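To start, the structure itself, in structure tokens.
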């Protein structure tokens, strides 16, 4: 069972989606990819939507607090750092909105992976790691960000943190960035 007392979900939705324009508005099941991500995030605990300023109205339509990306086009690390600086919860559960096959086992496993001295808990699978679907100690992440180059991305942040990795099936992390990814999702989603 996910306990929401000491973390906030930061839903990353602000990418430019150059390879798959308007991907978050595409229909998926009874709603859109973004609606599915918002519902999933809400089911876990307090939720904040991180995105481009033009997404503010969408966030308000969901009744979700919004944090605008102050450096559009700068990649996900500046948006995450803004979340770490603004959200007051001790832990931030970052989730990219374009990971529609996530199940509750992922956040539950990340929360269970916390231990004394651990500053981030990150999924790992055969294809690599998932820093945009990870649990961060907010203060430690801010310290690490001060030592990281924003252009390097979230992996650079992890290089300056004590990280625990939790193994998950790679299939849970289908990242929808291209038409091929969207086709793969369409094949797999009805069976869920």
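Scan the strands (runs of 3 or more DSSP E) fully inside the range 85-168 and keep the ones with 2 or more residues being within 18 Å of residue 41 (Cα to Cα).
Per the criteria, 91-96, 120-125, 133-137.
Within the range 104-125, residues that are touching a residue at least 60 places away in the same chain (Cβ under 8 Å) have Cβ atoms under 7 Å from residues that are in a strand (DSSP E or B) and surrounded by fewer than 23 Cβ atoms within 10 Å (Cβ to Cβ) in these pairs: 106/133, counting only partners at least 6 apart in sequence or on another chain. Taking the criterion of being farther than 12 Å from residue 129 by Cβ, buried (at least 19 other Cβ atoms within 10 Å of the Cβ) and touching a residue at least 60 places away in the same chain (Cβ under 8 Å), the only residue of the range 158-181 that qualifies is 176. On the stretch given as the range 127-150, residues that are in contact with a helix residue (DSSP H, G or I) (Cβ under 8 Å, 6 or more places away or on another chain) and closer than 30 Å to residue 185 by Cα total 9.
With surrounded by 22 or more Cβ atoms within 10 Å (Cβ to Cβ), under 23 Å from residue 153 (Cα atoms) and in contact with a helix residue (DSSP H, G or I) (Cβ under 9 Å, 6 or more places away or on another chain) as the only criterion, which of 85, 68, 94, 79 stands out? Don't jump to the end; show me each part of the working.
On the way: 85 fails: surrounded by 22 or more Cβ atoms within 10 Å (Cβ to Cβ); 68 fails: surrounded by 22 or more Cβ atoms within 10 Å (Cβ to Cβ); 79 fails: in contact with a helix residue (DSSP H, G or I) (Cβ under 9 Å, 6 or more places away or on another chain).
Going through 85, 68, 94, 79 in turn, just one is surrounded by 22 or more Cβ atoms within 10 Å (Cβ to Cβ), under 23 Å from residue 153 (Cα atoms) and in contact with a helix residue (DSSP H, G or I) (Cβ under 9 Å, 6 or more places away or on another chain): 94.
Since every read-out is calculated from the coordinates, none of them should be taken as a lab result. Values in this document were obtained by computation on a predicted structure and should not be read as measured data. So basically every Cβ, Gly included, is an ideal-geometry build from the backbone, and we count neighbours across all protein chains shown.
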